[in-house]
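Each value in this text was obtained by applying a stated rule to the coordinates, not by laboratory testing. In this text, all values refer to a predicted model and were calculated from it rather than measured experimentally. A quick note on method: Cβ atoms are made from the backbone with ideal geometry, for glycine too, and the neighbour counts reach across all protein chains shown.
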Amino acid sequence: MAIQGEQKEDVLKRLNRIEGQVRGIRRLVDEETYCVDVMTQISSVHESLRSVGKVLMRSHLQHCVTSALRDGDEMRAEKTYQELMDLVYKYAK
């Protein structure tokens, strides 16, 4: 199950905002803006992406993971645990 409804709309709005922020960073670099100012904007984009990631992670846990663990299929549960561990370690970097 993919993210749906209001959450999807929220994520898309956030991603559009992030896209605008990245275009702004490109403009700052093109205009040879002071490096610290550019790095500050990059940090802002990074945090915005982490925020979107949190929404997606919560949705994944509430829907996909819960469904996989409740259906009683041991192989699916094990695959889900491994997928979740891989995701957590990748996201924690």
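Some notes on this structure:
- Projecting label points 7 angstrom from Cα along Cα→Cβ for Glu47 and Asp71 puts them 4.0 nm apart.
- Dividing the mean sequence gap of close Cα pairs (under 8 Å, 6+ apart) by how many residues the stretch 5-91 holds gives a relative contact order of 26 percent.
- Taking other C-beta atoms within 10 angstrom as a stand-in for reagent exposure, His60, His46 fall in the order His46, His60, fewest first.
- Using only side-chain charges placed at the Cβ, +1 for Lys and Arg and -1 for Asp and Glu, the dipole size of the chain relative to its Cα centre rounds to 120 debye.
- Cα-derived Rg over Rh, computed across the chain with Rh taken as Kirkwood radius: 1.15
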